[in-house]
Amino acid sequence: MTAKTLMAHVAIPILAAATLSQAHGADFNWKKFQGKTITFLANSNPISQALLTQKADFEKLTGMTLKVDTYQEQQMRQRLVTVMNAHSDEVDVFMTLPSREGEQFAAAGWYADLTPMTKNVAGNYDFAGLSQALLKAGTFNGKLTSMPMNIEGPILYYRTDILKKCGVEVPKTIKDVQAAAKKLKACDSSITPFVSRGLKPAVAYTFSNMLHNIGGSYMANGKSNLCSPKGKEALETYSGLLRDYGPPGVVNYSFPQISALYRSGRSALSFESSNELRTVMDGGARLKDTGLAPFPAGEAGQVPTAIGWGLTISAHSKQQEAAWYFVQWATSPEIQKRMALQGIAPPRPAVAKDPEYRKWIDEAPVRKEWQAALDVLATKGSSEVGYPIVANPQSREFIGQAVQDLILKQKTVDQACADADKALDALIAQK
Amino acid sequence: MSDAQTTDRWIRWLNTLQLVVAGIIILTPTAWMVMSSFKPSFEVTAYPPTVIFSPTIQNYIELTKTTPFFNYAINSLIVTVGSTSLGLLFGIPAAFAVSWTRISWPAILTLAARMAPGTLFLLPWYVMFRQVDLIGSYTALILSHAVITLPIVIWVLLPSFDSIPRSVFEAAQVDGCSVTRILWRIAIPLVGSGIAVSAILAFVFSWNYFLFALVLSNGDTKTLIAAAFNFVGEGSTQWGALMAAATLIALPPLLLATLVQRWLVAGLTLGAVKG
Amino acid sequence: MSQATATLTQDRQRLELSALSAPAVIFTVGMIAFPVVYTVWLGFQSFSSTGKQSFVGLANYSKLLTDYEFWHGLWVTIALYVLSLVLQLVLGVWLALVLFHAKRLHGLVRSLFISPFMMPPVVAGMMWLVILDPSLGAANYILQSIGLPPSDWLASPTLVIPTIALVDTWQWTPYVALIVLGGLQSLPPSVYEAAQIDGASPLKTFQRITLPLLLPTIVTAAILRSVDLLRFFDIIYITTQGGPGNASNTLNIYGFRVGFEFFNIGYASALMLTLTAIVFGAVLAFNRLRGAVAW
Amino acid sequence: MASISIRNLVKRYGNLTVIPDLDLEIADHEFVVFVGPSGCGKSTLLRIIAGLEPITSGELFIGDRRVNGIPAAQRDIAMVFQDYALYPHMRVYDNMSFALELRGVPKAEIDKRVKRAAALLHIEPYLDRKPKELSGGQRQRVAMGRAIVRNPKAFLFDEPLSNLDAKLRGQVRAEIKALSQELKTTMVFVTHDQIEAMTMADRIVVLQNGMVQQYDTPETVYERPSNQFVAGFIGSPAMNFFPVEWRGEQAVFAQDGSAALIDAENAVLMRRAGKAVLGIRPEHFVVADGATNGTTVTVKLVEPLGSDTLIHFDLAGASAIARVEPSLRPKVGDRITLRSQPGRIHLFEPESGKVLR
């Protein structure tokens, strides 16, 4: 952390306190639920970490106590499944990925309906200022189920020095990526030319971007569509890149491995979440030689995957209104700006344009490129990761399976897509 | 004669060689983990792996700064000591009674819980403890971990009690002892090392168990081992801190094992041979 | 009359003994009765996708029969089980013999030898995950530096089971060795003296005397390991989550994922109970075997 | 100090009946030895008296008190076990004082009693030692000491000498006998060794299959065994038995019809019974000189014991032993003539084994 960002940390809260105290004047009583305790089940990612640095502010503002229970993503989900299946009111607020589990949780009735609550906000909340796409992604059956906390998606991290050394241009199209990888492989055998997610449940996150760029879709006419020409092309392209230019053991790769590989300087092109910026820059080795861009265009142009974590209220919570105070506070422009200054891409275009945030962005070229990529995500992004069905998490397994089958050359593309389609059609039919 | 001596020496040398090979295989990974915990975080996954590096305790500092590591450690300690004590409290008399009566179903019953996958208990226990509002309490964690410690105590102690001559108990009866008093005055003092071994093993297995804490603890009562996962998270995989945490978590059981290894061989194996 | 008083003493003593084992029994029943009943009940329910809960009778169990993942999981479970068990028993006996003959080994050194199984499996999993990473890990570096080709370890669908078996073997062989060591120490020395007088070579002595006498101990170790190996979980949960593909998707991992990742608690319950039955069956079978090899 | 009486005692383990129906009266101050082959129920009977085994039916009195259902702890008896059953974790002193402590006896009194018992048994130097630091004989004394300090109504001994070597056994045997005379306490002693029984007991209970075969003084049991089992069990080497018949107004060996020499009194019994088993102890043979008649046998084996000599021979289809003067040293194959000492032969019913009277 540079001295300047540290300054920003210190400076902002003072400013913020001033803004907020203006807000809760006449019409909105922040202290309405003074003395209550809200339990928040958080995923231990940078988003919650940034949010929780402001915890004291919330408690001071509302007089409530925020009890935080933090888990790694997978474990958080396990905990959540237990809590919700037991119809327990233990958790009031939890983090959710609408793109993954939204359909399912909504169908299971785990989300409280936030629609009426959005009417009960402080004057400066600016509901309309939230990314409409993300709000839409969090709406199921006309009910708003979660409020966006951030925007994120996979972006391409590339090594400017290696590209230069090997005479490779920054790829503009998917074909360029393949060509670049080939060239890089020939140029420097000690470098992994291209890496992206290969771990079965994680594949859909990056693969969806490829599929959409190529112009494919998961479903057509209520059927799985992986065996369409575009679908097969996407499968072959993605798995081909990883098979021919990826690291050994790429089928176990998800964000920790990809970041570690890239950070240690051993991969040239790395397709990974925008959230990994901090990890990748850890140790400072990659600060000067990294370039960032959205994933290059295919026949359908650039349709990057753009999703966000949402903050939602448990349907079993006994104090939903009080919980809403926390959700509202956490997704308010002010708090999202503070989170942005800690590297959390804001789901509010207005915050992205905020001068203070801009100043932070301008401090490092990498951040500028990062924000530019995120801007593309925000404007062109699709939140479709895996099948838009209730069993989305399970659909990701089959996508991942097809990709892995191809990486490991265990099936032909026709076999792989046919097997996946068959399983996915069954999943789709399951209502 | 001298021929036999040469063979003898040769065999001893061969044995030493095998010992060294086994030792290297067994110890290298752990040594590597400990070494990694003293590397800067980004260097842990450096390739080629660095063997010579300037050691830093940065990871340990990081660990204590960014996470309530010591709170977790204290939680682990409370849960482990609690469940071990409970295991001993229930297990010692039960093992004694089973050894005395030769009616073994109580001992087998406690073992049955070990045969089901731990995940089977997660949801039911959550529902159960929720009913009595004990989610997130030490009580729930201690009770759930006692399900692990109890069979360990009973099965390690059973053969210890069995090895006391029956007549000693009878002599005590004639001398005027009730069954309970025989347990306290005669049997327990006689199986001291067995109790120590069972306590250590119960401690280790309870300390190492992570699944139950996942659903029964909360942020305040989470155990170290359940919290260990928090070091692998999107955007924040701290390899160095992870290895530091791993080292610290593994330390108490390893230290205990070192302290009691002599009894351990005797106590553990007694159980295995006869049980 | 006399009959009554006679039973009185018996009753009093029996009462006292029951009172001693009562806390353990009551506690255990209290802790496992509800989960078992609840899980059996859950196994008759469907929670599929929409989250609506309904009684479906044995549907979850009949689904098992046609579920490819279940049969695959069973196969993976058994493959991993057999491979690990054989490795651990063979190496465990070997290590026990080596330790047994190293009588002057310092206590501290000896405790280092048994240290792996004291390590939390979660920690062991994390440690090995880093060591076995095909690109970044020390394992491949060592292989390459001695001129061997690198391996994909956990990332290869064909190698993942042997690799996990190796990791588990690293952790639990010392435990098996410890048990066997106890068995060795309890063997009557006179038997060896007799064998020596009979002129048996060291190899013959091991083959004909030591091994048969150790069999009950080895079977005991096998039972203890079986209970854990058939429910193989921790290390896979940390390292591969059942992958690559479904190459390491053991029944326990599969059941866990069905319940906690795909949210189908009903089907997961059926899976867990089936697995429990398998473990129980294996323990019973081994117990029989132990009776057969006892001396 | 008390008598012990057992009435209609039955002991079963499940379907297995160990003691079918037993009555026994042990007088105050009496030293009674239960003897019998292993599995005869003697230890069970002792443990029933001790209260370590419940009674299936019947009654048991110690003194005037009916003790059915009374736990061992409250019967005020002391017991010495075969393996001594010392508390391994306690010093000798504590082993001896433990029971008294449990009964709340004052410390000074405990100390007095322990010291006195220790002096009596010559174990004062070992009071601070742990049992494992003692020899077998010393442990045995501690076990007795533990019993003595209690001043119990009765001492029960469960084969306490079987773990001692032969020399020590003889010594301790004598000591226990002396002790019983000094303490004047009821003592019940179980053994399978008939020499122990003979040397120590005031009265011997010979048990078989849970039934009392004979209950009498050692002399009576030896000289007038009530049945063939007792006759064979008591005495070493054991009594010789030969089937005999009454043929043509004389007793003959059933096997070969040669004459068996019996005295007139027994001849009366034989005539009445027709068939019998003739018993004669090895020591009651005498070697006949040429003048007197007897049975001539061939020497099969000679065992010189120093004090006397055992001669093995076959007679009427049975192997038999005679104990003779040490000066007599026949060789194998020699023929010698034997006859019985007057009044020293026993006759038993062939079927029931009861002595003919």
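General observations
- Enumeration of residues in segment B:208-223 that are in a helix (DSSP H, G or I) and more than 9 Å from chain C (Cβ to nearest Cβ): B:Phe212, B:Ala213, B:Leu214, B:Val215, B:Leu216
- Those helices (runs of 4 or more DSSP H) of segment A:193-272 in which at least 3 residues are within 15 Å of A:Gly386 (Cα to Cα) and open to solvent by less than 10 Å² (accessible area, probe 1.4 Å), considering only elements entirely within it, cover A:203-214, A:229-245.
- Scanning segment C:193-244 for residues that are within 30 Å of A:Leu406 (Cβ to Cβ), surrounded by fewer than 22 Cβ atoms within 10 Å (Cβ to Cβ) and touching a Lys or Arg at 6+ places or on another chain (Cβ under 9 Å) yields one hit, C:Gln241.
- Considering only residues in segment A:26-52 that are within 20 Å of the chain's Cα centre (by Cα) and open to solvent by 10 Å² or more (accessible area, probe 1.4 Å), the one that is farthest from B:Lys222 (Cα to Cα) turns out to be A:Pro46.
- In this entry, B:Val79 passes the filter for residues that are more than 14 Å from chain A (Cβ to nearest Cβ), crowded, with 22+ Cβ neighbours inside 10 Å and within 30 Å of C:Tyr254 (Cα to Cα).
- Checking D:Thr296 against (1) surrounded by fewer than 12 Cβ atoms within 10 Å (Cβ to Cβ); (2) touching a Ser or Thr at 6+ places or on another chain (Cβ under 7 Å), the condition it does not meet: (1)
- Residues in segment D:263-293 that are part of a strand (DSSP E or B), crowded, with 16+ Cβ neighbours inside 10 Å and not β-branched (Val, Ile, Thr): D:Ala276, D:Leu278, D:Gly279, D:Phe285.
- Residues of segment D:84-118 that turn out to be within 13 Å of chain B (Cβ to nearest Cβ), in contact (Cβ under 8 Å) with a residue 12 or more places away in the chain, of a type outside the set (A, V, I, L, M) and within 20 Å of D:Lys153 (Cβ to Cβ), as a count: 2
- Apart from one condition, B:Phe205 fits all of (1) open to solvent by 10 Å² or more (accessible area, probe 1.4 Å); (2) facing chain C (nearest Cβ under 9 Å); the exception is (2).
- Contact map, segment A:63-80: first residue facing chain B (nearest Cβ under 7 Å), second residue charged (D, E, K, R) and part of a strand (DSSP E or B), Cβ cut-off under 9 Å, separation 6 or more or different chains; pairs are A:Arg79/A:Asp69.
- Some residue of segment A:148-162 being more than 14 Å from chain C (Cβ to nearest Cβ), open to solvent by 20 Å² or more (accessible area, probe 1.4 Å) and free of Cβ contacts under 8 Å to residues at least 40 places away in the same chain: no
- Summed over segment A:377-429, the residues that are without any contact (Cβ under 8 Å) to a residue 40 or more places away in the chain and assigned to a loop (DSSP other than H, G, I, E, B) give a count of 3.
- In segment D:99-128, the residues that are closer than 25 Å to D:Ile176 by Cβ, of a type in the set (Lys, Arg) and surrounded by fewer than 16 Cβ atoms within 10 Å (Cβ to Cβ): D:Arg103, D:Lys112, D:Lys115, D:Arg116
- Unique match (being at the interface with another protein chain (Cβ under 8 Å from one of its Cβ atoms), assigned to a helix (DSSP H, G or I), of a type in the set (Phe, Trp, Tyr) and open to solvent by less than 30 Å² (accessible area, probe 1.4 Å)) among C:Trp170, C:Trp128: C:Trp170
- Criterion violated by A:Asn275 - all others in (1) within 14 Å of another protein chain (Cβ to nearest Cβ); (2) in contact with a strand residue (DSSP E or B) (Cβ under 8 Å, 6 or more places away or on another chain); (3) open to solvent by less than 10 Å² (accessible area, probe 1.4 Å) satisfied: (3)
- Residue check: B:Trp184 meets all listed conditions (1) more than 30 Å from D:Lys130 (Cα to Cα); (2) within 12 Å of chain D (Cβ to nearest Cβ); (3) not polar (S, T, N, Q) but one, namely (1).
- Any hit, segment A:126-137, residues being open to solvent by 10 Å² or more (accessible area, probe 1.4 Å) and touching a Phe, Trp or Tyr at 6+ places or on another chain (Cβ under 7 Å): no
- Single condition D:Ile70 does not satisfy, out of (1) under 17 Å from D:Ile148 (Cβ atoms); (2) in contact (Cβ under 8 Å) with a residue 12 or more places away in the chain: (1)
- Residues satisfying the stated conditions in segment B:192-202, i.e. at the interface with another protein chain (Cβ under 10 Å from one of its Cβ atoms) and farther than 21 Å from C:Pro121 by Cβ: B:Gly192
- Filter pass, A:Phe58 being within 19 Å of A:Gln320 (Cα to Cα) and buried (at least 24 other Cβ atoms within 10 Å of the Cβ): no
- Which numbered condition A:Gly308 misses (of (1) more than 19 Å from the chain's Cα centre (by Cα); (2) on the phi < 0 side of the Ramachandran plot; (3) within 14 Å of another protein chain (Cβ to nearest Cβ)): (1)
- Taking the conditions (1) without any contact (Cβ under 8 Å) to a residue 40 or more places away in the chain; (2) more than 8 Å from every other protein chain (Cβ to nearest Cβ); (3) within 30 Å of B:Val191 (Cβ to Cβ); (4) open to solvent by 10 Å² or more (accessible area, probe 1.4 Å) in turn, D:Pro54 satisfies each one other than (2).
- Tabulated pairs, segment C:35-46, first at the interface with another protein chain (Cβ under 8 Å from one of its Cβ atoms), second surrounded by 18 or more Cβ atoms within 10 Å (Cβ to Cβ) and among the hydroxyl-bearing types (Ser, Thr, Tyr), C-beta under 7 angstrom, 6+ apart or interchain: C:Thr39/C:Ser269; C:Leu42/C:Ser269
- Scanning segment C:50-67 turns up at least one residue that is on the phi > 0 side of the Ramachandran plot and assigned to a helix (DSSP H, G or I).
- Filter pass, A:Gly109 being on the phi > 0 side of the Ramachandran plot, among the small types (Gly, Ala, Ser), in contact (Cβ under 8 Å) with a residue 60 or more places away in the chain and within 14 Å of chain C (Cβ to nearest Cβ): yes
- Residues located in segment D:134-150, provided they are outside any helix (DSSP H, G or I), open to solvent by 10 Å² or more (accessible area, probe 1.4 Å) and within 13 Å of chain B (Cβ to nearest Cβ): D:Arg150
- When segment C:77-123 is filtered for residues that are out of contact with any helix residue (DSSP H, G or I) (no Cβ under 7 Å at 6 or more places or on another chain) and more than 12 Å from chain B (Cβ to nearest Cβ), the ones remaining, listed by number, are C:Ile78, C:Val82, C:Val86, C:Val90.
- Here D:Phe81 meets the list (1) of a type outside the set (S, T, N, Q); (2) more than 7 Å from every other protein chain (Cβ to nearest Cβ); (3) closer than 21 Å to D:Ser162 by Cβ almost entirely, failing just condition (2).
The values are calculated or read from the model by the stated rules, or taken from the named source; none is laboratory data. For clarity, every value in this text was computed on a predicted model and none was experimentally measured. Backbone-built Cβ (ideal geometry, glycine too); neighbour counts: all protein chains shown. Just so you know, the surface numbers come from the protein's heavy atoms only, side chains and all, with ligands and any DNA or RNA stripped out. Shrake-Rupley method; radii C 1.70, N 1.55, O 1.52, S 1.80 Å.
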